[in-house]
Amino acid sequence: MLCNIVVYADAEVKKYIVAGTVKDVNEEPVAYAQVAVVGTNVTISTGVGGTFNLKLNSGSYRLRVSHQNYKTKTLEIDVTENLNLDITLDMSENDLSEVVVTSTQSEKMLKDVPVITRVITAEQIKRVDPQDFKSLLEYELPGLQFGRAHGSGLPAMSFQGMYGRYLLFLIDGERIAGEGASETIDFNRIGIDNIERIEIVKGAMSTLYGSNALSGVVNIITKKANRPFVGNVSARLSRFWDQKYSLSLGTRLRKFSALTSAVYSKHNPYVIRDREEATLTFKLPDGRDSIVKVKDSVKVRGYENMSIEQKIGYDFTQRLSTELKVNGYFNRIRDFLDIGEKEKHTDRFWGVAFNGKVRYIFDDNNILEASVNHDRFYKEDYYPITKRIQRNYDNIQNNIKLNYKLFFLDRHYLNIGAEAYAESLLHHHFKDTTSHNVQNYVLFAQDDYQITDRLSIIGGLRMDIHSRYGMHLSPKLSAMYKLGNLAFRGGYAGGFRSPSLKELYTEWNHQDMFMLLGNPNLKPETSNQLSVSAEYTVGSLNTSVSGYYTQYRNLIVNTSISKGPGQYPDQTYKNADGISKVFGADVNMQVRLPFNITLRGAYSYVNDDATIDGRRYSMIRPHTVVLGANYNRKFGKFLITGGLNGRWLSGISYWSNVVVGGKKSLVMSYFEPQMIWKLNMGCLFPRGIRLNVGIDNLFNNISKNVSNDPYSALSRGMELIANLSINIAELVGI
């Protein structure tokens, strides 16, 4: 890549225009390369013709030029009256030069992060072309499984053997309020087309992010306007008439930037019927076995949602900047209706979020950041005949954060922060549909110490002061050692999760059959996790092996309270006795072959230690694999892309407790293995027109016993998809 930079004197005193053109080694302009002035808030992207210009005060600067297909390079310049620079960047053989922030809350390249971090870029998302965020995760993350939540039938998640409440989702570093299904956020709030990249950090991250980060963190980083004009419109349609339309328009003019994004998405409900009978084996109290055959169907709920987001940024100076973001969201759950059946009520979800951030860079070594975030998510039942609305869920989260980052002694990067967090929840499972609230105050510090060029360590400590549970400390220590093409990582992390308001205060009568009860005497969960990994990189080959072992104390579990013969037992929460364990291993590989072909694969094994008397009581499949092959090549002015992505989940037999004739019995079920493939082919035409066609469930794999398997793939069979997007800036030649 070639970058020609020219500096022209500006009429203002001590200010100059730094202009340039970014090209590749073939003298072709490179659009959308990022040009950042290190140590300032100034960042801009090249336009369609590879051109850019910056307005800087006179002085010495470091420019960082980056593009996901090239190696990032930093150059030092003195901004004076005349300056001409030629810069050549080498092609990137892997993604290790990608800059990430989630694992350390500071900008570091992937190769230098002490914890293996997975990055999914906007370009990779286009190649998978998912309908929604949930579908994207299924093709990208081994160890993650989606099931159907009891009652609502909406997606409920598990990750590395733990439920969704242990994996923390963030949008631009901020928590997401509410839940779609039990213990799982409403993934439809996350618009696929507005994502710049996703950073996924596995393992306990409580030191930096607190409660719910015991299994890891998924940080969704959204797009910004970084050119004089940005605009994109897209439409997606499937064989079953699922639809998605998106529009974004924005601008960056010197100090001011703005981006407006809007998305409408519709997914139709449908029914899946079992193709074969499922065999259930009951162990009766008298010792006899009873075999029961089950064949049924599942109604899969659809949705119709829309969201709109407005971002506004302003750079008061090269060092002081601010950003405001407002987001509105509406989701109507769509149910499948049988012939003659009339709709009684509709589930409707609403979300409103506000976020403000201020950043001041004292110099290259001192940065101060502050943010305030308000997020509200509520649900209601809407009765179309009477027009009655009944609100049954309302979650509000407010938090204020202050971070100070200091680089000193050429080897230390210190991150000190404070946070105040408040949450309130109104829930129809609470007595008289009342609300409860909780507050938490936080201090944390983390030091990233580069001992030598080969050895670095990160040590951190977090202090939570909870309004109900008092003070708790969460420590973390990680280390990385580089030896040639090998990088070894290891670490310890302490975790902390306070009981949720639902777990504490639920008091709900289920149709006079049994009670769902919270437990105000619950203790907080704590964890201790050890992790090790080895990563090998040579040329375009990158492969890694990692393992983890986690002990949980006071794990909160759902349990039954017997009431007598012939009666359904009540359900409540309690802290498990002793220590609960989860351990597992991951293997990842990616290689870029000749002819612009990239292969990747990831395998995950998890053991959640859910065996009693030799019987397994967990529905979590222990083995999952994701595979992918991508191709892209330019023919003249046309860029051809292709992707084949697959996901395999192992089969499993498990036991559960049931009540037969008022007495406890055991039943064994079997979940069959699953394999789903998706094929995409696309073409980027001149003027920014991109057409993608795909086949979801390429081999038409449909679960045999979907009604008996809450974690089965809810596929309707082979599905044809078409997606057309237009980059408005390229279309009009801006």
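Each of the peptides 708-719, 383-394 was scored by the mean count of other Cβ atoms within 10 Å over its residues; in descending order, highest first, they stand as 708-719, 383-394. Projected onto its three principal axes, the C-alpha set of the range 589-704 covers 73, 28, 21 Å, listed from the longest axis down.
Estimated at 0.36 nm per residue, the fully extended path between Arg288 and Ala576 surpasses their Cα-Cα distance by 100.7 nm. Each residue of the range 438-446 was assigned a 3J(HN,Hα) from its phi angle through the Karplus expression (A = 6.51, B = -1.76, C = 1.60, θ = phi - 60°), giving 8, 10, 8, 10, 10, 10, 8, 9, 9 Hz with x at Gly and Pro. Of all aspartates and glutamates in the structure, the ones whose alpha carbon falls short of 13 Å from that of Lys502, not counting any fewer than 8 places away in one chain, are Glu179, Glu183, Asp394, Glu423. Ellipsoid semi-axes for the range 177-248, based on the Cα gyration tensor and the rule √(5λ), read 29, 20, 10 Å when sorted largest first. Which distance in Å, rounded to a whole number, links the C-alpha centroids of the range 680-703 and the range 415-437? Measuring centre to centre over Cα atoms gives 43 Å. Per residue, the convex hull spanned by the Cα atoms of the range 110-188 measures out at 118 cubic angstrom. When each of the peptides 107-114, 355-362, 406-413, 127-134 is scored by how many other beta carbons lie within 10 Å of its residues on average, the order from highest to lowest is 127-134, 107-114, 355-362, 406-413. The Kirkwood radius of the range 206-290, taken over pairs of alpha-carbon atoms, gives through the Stokes-Einstein law at 20 °C and 1.002 mPa s a diffusion coefficient of 112 µm² s⁻¹.
For the chain, dividing the convex hull volume of the Cα atoms by the residue count gives 166 Å³ per residue. Highest mean packing first, where packing is the average number of other Cβ atoms within 10 Å per residue, the peptides 187-200, 587-600, 321-334 line up as 187-200, 321-334, 587-600.
Enter the Cα centre distance for the pair the range 136-158 and the range 519-571, rounded to the nearest angstrom. Rounded to whole Å, the Cα centres lie 16 Å apart. Using the Cβ-Cβ distance between Tyr314 and Asn596 with R0 = 56 Å, the FRET efficiency computed as 1/(1 + (r/R0)^6) comes to roughly 0.85. Sites listed here are trypsin sites (Lys or Arg not before Pro) in the range 480-563 whose DSSP assignment is loop and whose Cβ has at most 16 other Cβ atoms within 10 Å: Lys563. Rounded to the nearest 0.05, the FRET efficiency derived from the C-beta distance between Phe638 and Thr51 at R0 = 22 Å is 0.45. Count Lys and Arg as plus one, Asp and Glu as minus one, and take only other residues whose Cβ is under 9 Å from that of Arg391; the net charge is then -2. Between Leu724 and Lys295, the distance separating the two model label sites (each 7 Å from Cα on the Cα→Cβ line) works out to 4.4 nm.
Annotation: the residues Ser135, Ser650, Ser456, Ser474, sorted from fewest to most other C-beta atoms within 10 Å of their own C-beta, follow the order Ser650, Ser135, Ser456, Ser474.
Amide hydrogen proximity for Glu196: with H placed 1.01 Å from N in the peptide plane, the residues at 5 or more positions away or on another chain lying under 5 Å are Ile221, Thr222, Lys223.
In the chain, helical runs assigned H by DSSP with n ≥ 4 each contribute -39500 (n - 2.57); averaged across all residues and rounded to the nearest 500, the mean residue ellipticity at 222 nm is -1000 deg cm²/dmol. Among the listed pairs Lys15/Lys311; Lys134/Lys299; Lys15/Lys73; Lys299/Lys574, those with a Cα-Cα distance over 23 Å are Lys15/Lys311; Lys15/Lys73; Lys299/Lys574.
A convex hull fitted around the alpha carbon atoms of the range 225-354 yields 221 Å³ per residue.
3J(HN,Hα) couplings calculated from phi for the range 177-190 with the Karplus curve 6.51 cos²θ - 1.76 cosθ + 1.60 (θ = phi - 60°) are, in sequence order, 7, x, 9, x, 10, 4, 6, 9, 5, 7, 5, 5, 5, 9 Hz; Gly and Pro show x. When you restrict to C-alpha pairs under 8 Å that are six or more residues apart and normalise by the size of the range 662-721, the relative contact order lands at 31 percent. Sequence-distant contacts, meaning Cα pairs under 8 Å at least 6 residues apart, place the relative contact order of the chain at 10 percent.
Relative to the compact-globule estimate of 2.2 N^0.38 Å, the Cα radius of gyration of the range 397-536 comes out at 1.45. Note on the chain: with charges restricted to the Cβ of Lys and Arg (+1) and Asp and Glu (-1), its dipole about the Cα centre is near 740 debye.
If you take every DSSP beta bridge fully contained in the range 445-583, what fraction is antiparallel? Give it as a percent rounded to 5. Percent antiparallel among DSSP bridges in the range 445-583 is about 95.
Across the range 532-547, computed HN-Hα scalar couplings (Karplus, 6.51 cos²θ - 1.76 cosθ + 1.60, θ = phi - 60°) run 9, 7, 9, 10, 10, 10, 9, x, 8, 9, 9, 9, 8, 10, 9, x Hz from first to last residue, x flagging Gly and Pro. Placing pseudo-labels 7 Å out from each Cα toward the beta carbon at Ser653 and Tyr383 gives an inter-label distance of 4.9 nm. Around the amide H of Lys581, modelled in the peptide plane, lie the amide H atoms of Tyr552, all under 5 Å away and 5 or more residues distant in sequence or on another chain.
Bear in mind that the values in this text are calculations on the coordinates, not laboratory data. Predicted model, so just to flag it, every value in this text is computed and none were measured. Ideal geometry is used to build each Cβ from the backbone, glycine not excepted, and the neighbour counts take in all protein chains shown.
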